[in-house]
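Take a look at the structure below.
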Number of protein chains: 4
Amino acid sequence: MTDGKSEANRDEQIIDIGLAAPVDNSRPRVGRDSEGTKRDILLAAMHEFSEYGDGGARIDRIARRANANKSLIYSYFGNKEELYARVLREAYTQIRAGERELNLDKLEPREAIRALMKFTMEHYLRAPWFLRLLATENLRRGQTVRQIDKISELQSPLITQLKQVLDRGVASGAFKNDMNPVDLYILMASLFYFPISNSHTLPVVFGAQVTDPKWREHYLKSVQDMVVRHLENAPGGA
Amino acid sequence: MTDGKSEANRDEQIIDIGLAAPVDNSRPRVGRDSEGTKRDILLAAMHEFSEYGDGGARIDRIARRANANKSLIYSYFGNKEELYARVLREAYTQIRAGERELNLDKLEPREAIRALMKFTMEHYLRAPWFLRLLATENLRRGQTVRQIDKISELQSPLITQLKQVLDRGVASGAFKNDMNPVDLYILMASLFYFPISNSHTLPVVFGAQVTDPKWREHYLKSVQDMVVRHLENAPGGA
Amino acid sequence: MTDGKSEANRDEQIIDIGLAAPVDNSRPRVGRDSEGTKRDILLAAMHEFSEYGDGGARIDRIARRANANKSLIYSYFGNKEELYARVLREAYTQIRAGERELNLDKLEPREAIRALMKFTMEHYLRAPWFLRLLATENLRRGQTVRQIDKISELQSPLITQLKQVLDRGVASGAFKNDMNPVDLYILMASLFYFPISNSHTLPVVFGAQVTDPKWREHYLKSVQDMVVRHLENAPGGA
Amino acid sequence: MTDGKSEANRDEQIIDIGLAAPVDNSRPRVGRDSEGTKRDILLAAMHEFSEYGDGGARIDRIARRANANKSLIYSYFGNKEELYARVLREAYTQIRAGERELNLDKLEPREAIRALMKFTMEHYLRAPWFLRLLATENLRRGQTVRQIDKISELQSPLITQLKQVLDRGVASGAFKNDMNPVDLYILMASLFYFPISNSHTLPVVFGAQVTDPKWREHYLKSVQDMVVRHLENAPGGA
DNA sequence: TATGAATGAGTGTTCATTCAT
DNA sequence: CATGAATGAACACTCATTCAT
């Protein structure tokens, strides 16, 4: 449990962070490419912090994975804390960028909600590292996210789209429940965050099949129905 | 970000773990009371692991808080890893014990569901340390929970009660959705786990008011309605 | 000039710090003797800081010389800075203790002054490490000495004795110059501090024989005369 | 106490080293001016070594202050050690140059001595950086000064002038003490070196007012009298 | 001539763990 | 049963120095 020991032994499964140019250790970067090096370090750091949390992350490992010299990390990013902050900001930026590509304008409101939920679930499955980073930062009590400049400005595009969908739904009479989009976002996120981020304990403790694609499909359908119906009904409603 | 520094500076807010006999530092335990000492250490360890996660937890602090000698921890619990395992098992045990006290037999099924949901939310609010422990263990990829003996045997009493409620509901015709109780548990847990365990990032990133009691009350009511209605309707239903 | 390199190569000449129990590496301290270990560390640290100054001092070397584990230094003294502070305080304490043993009561004032000056010179020759520590602390701009608790309380006993001698001299009519004892102390210290603490540069730059005992004897006699005469004459005097 | 930290935080008070062409950071040197760059580096290095001593000096800071590239320092000066040697030689050169401007031929010997002493004190006050460099080099046990080529050739002009003054004094019968000029130089230097170079510890430890201009004036007068009288009297003399 | 990227050997410090009493 | 001393392997971070352009 000493950080350096047991944690170093964890099999370092490769997580595809899904960036354009993931670190490629096979052929070493051609020396003097400061931007490239910086990028590699950041990628490696995202990996490391996602894998091990803030306390467990090792600068050494980041350097090795980034194929860079440890000191370079310091000259580029200052220190571990600041590197972590960069990682966190980058994570939010990327996640939001992914959400931006949704095109829900053309869909009927009910269908749009269903699509959004599907997207959210798949999103979480594709980016477990983001969930891990979130968990880490909340264990840190939000110490860092609070200091990130203009973090709220990159507010989820999901929310913007959500608002449009809700507005259309209300206008068309499809939705009677005039939820605010942030609350709807929380609702949707909740439904997938728990089973996915607890996918290591739930099966053991409850025998829940949360990692089984079949279960997921069923679960998705079920909560889609639930949420859509929730929107169709007036709150507290008769 | 060195564990010892920044983490040591976190104000150590007192978390009432809600155990029978909290550590009493005022007068030092009188020598030979091995069971008492052991208990104190365990309590202190629950505190520590909840506060700082596995990597951030410090044996020194546990010893100090338990008013015990560091070496005792080793003679009683083996090493940090095993102590963490004991903490995790104890945490589950206690949480389940808490859930056992619910008495829903007399309530009408719909009301019972509402009560269960209220209980779940309050439970999480009362035991943030448990959520933190869960997050920690999932960051560890369930490494430890898997090794805990008979962990699934102390399955959530919530589930048992859930099953009874669901059965009664279906029998009475109130519920048409024949959900399995584990899935219902996951649904309910999900709805509260996310906003509570992310209560440090959500306000910063989305300006969400998840920590505001008013918001919580409103949120609870809303999702209670949603879930009850979900149970009243046949799945996929017309 | 990298601290660790060239400085490590300096021949580590043994400086007798003149304490009761100097570090004895020949037979290792018998384990569990915390006071002994602490003392050894302090001695080794005095050595190290005198030799290399604050920046050049190495905790590693201190540990090795003290026959102790590096971590112990931290558990006993906190950190390098605090260890340095302890060294500085200890140095002053010891120097003052040495000065306390002078017995000048019985000497005729003029003779007492001569004796004091001889003592001062020999003192500096015997404790070059103290001069080095002084130089170090002044290079640090007194950063640490200022923070040492009650440092001025262990004011030089020399000054007390100086005052008595001066008073007797004035009373007997031997001295007409009513100097204040601190100024006299500074005068005496000055006359020996410079040639001794610059004994490495003066010979090279001026060919001065400051390290030659003969020269010292001559110099001592000369400045003794000078100072005594200075005291015999009224200031600014005719 | 890590060099980089605490030492970096010292407020970097500007010391006027009194050179002809101080570093001008305002407009960057235009490329090809090797002599200018070299000079700037040397100046910055004098500054740095005086401020922080040999161990505390940082090549990075020197480069920044000189508005030069770090690698240039190496191509011009070899390494830190050699740069330090150049700094030391330069320091001696400049100090001696300063001393050369004294014109004492016209003064009566007694007055000349008084003037020399005043000059010496003021010299030290004006060039504390030189005292710091001296202290540094002596802490290094003269390692470097010994290797500087022809260092003794630029012997203090003070000594030359001292010799003339002494000769005139003896010739005129004003002085009976036939001191050799180096010893007299040491005597004079001593009287000011100690109170000035220990100006950070003396006030704290003895409450001495060595930094008070009033005290200095008084001290100067007192030791001027003392030294002049010393020269007027035959040594050991009756 | 000049630059900025890159390196590697330290250096202070922490912490889980074991030893001796 | 209990204690406090002692250990050693990391770890974050620094800095003189070299390399490639």
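Some observations on this one:
- Residue match in segment B:203-220 (condition: among the acidic types (D, E) and closer than 24 Å to A:N180 by Cβ): yes
- Helices (runs of 4 or more DSSP H) wholly inside segment B:67-150 containing at least 2 residues that are closer than 20 Å to B:L184 by Cβ and among the basic types (K, R): B:80-100, B:109-126
- Scanning segment D:173-204 for residues that are facing chain C (nearest Cβ under 7 Å) and in contact (Cβ under 8 Å) with a residue 60 or more places away in the chain gives D:A189, D:L191, D:Y193, D:S197.
- A:R132 in contact (Cβ under 8 Å) with a residue 40 or more places away in the chain and either hydrophobic (A, V, I, L, M, F, W, C) or within 19 Å of A:I151 (Cβ to Cβ) (or both): yes
- Number of the exception - D:G78 against (1) within 14 Å of DNA strand E (Cβ to nearest atom); (2) crowded, with 20+ Cβ neighbours inside 10 Å: (2)
- Residues of segment D:89-141 classified as on the phi > 0 side of the Ramachandran plot and β-branched (V, I, T), total: 0
- Residues of segment D:205-220 satisfying the condition of being facing chain C (nearest Cβ under 7 Å) and surrounded by fewer than 18 Cβ atoms within 10 Å (Cβ to Cβ): D:G207
- Residue list for segment A:131-155, restricted to those being facing another protein chain (nearest Cβ under 7 Å) and over 21 Å from A:S199 (Cα atoms): A:R141, A:G142, A:V145, A:R146, A:I151, A:S152, A:Q155
- Within segment C:20-72, restricting attention to residues that are polar (S, T, N, Q) and either at pLDDT below 85 or surrounded by fewer than 15 Cβ atoms within 10 Å (Cβ to Cβ) (or both), the residue that is nearest to DNA strand E (Cβ to nearest atom) is C:S71.
- Search result, residues across segment A:64-79 that are within 9 Å of DNA strand F (Cβ to nearest atom) and free of Cβ contacts under 8 Å to residues at least 24 places away in the same chain: A:N69, A:K70, A:S71, A:Y74, A:S75, A:G78, A:N79
- Residues in segment C:156-167 that are surrounded by 19 or more Cβ atoms within 10 Å (Cβ to Cβ) and more than 8 Å from every other protein chain (Cβ to nearest Cβ): C:L158, C:Q161, C:L162, C:V165, C:L166.
- Lone qualifier among A:V170, A:V227 - being surrounded by fewer than 19 Cβ atoms within 10 Å (Cβ to Cβ), aliphatic (A, V, I, L, M) and more than 7 Å from chain B (Cβ to nearest Cβ): A:V170
- When every residue of segment B:154-177 is checked against the conditions, at least one turns out to be touching a His at 6+ places or on another chain (Cβ under 8 Å) and not hydroxyl-bearing (S, T, Y).
The values are calculated or read from the model by the stated rules, or taken from the named source; none is laboratory data. The shown structure was predicted, so the numbers you read here are calculated from the model rather than taken from an experiment. Virtual Cβ from ideal backbone geometry, glycine too; neighbours counted across all protein chains shown.
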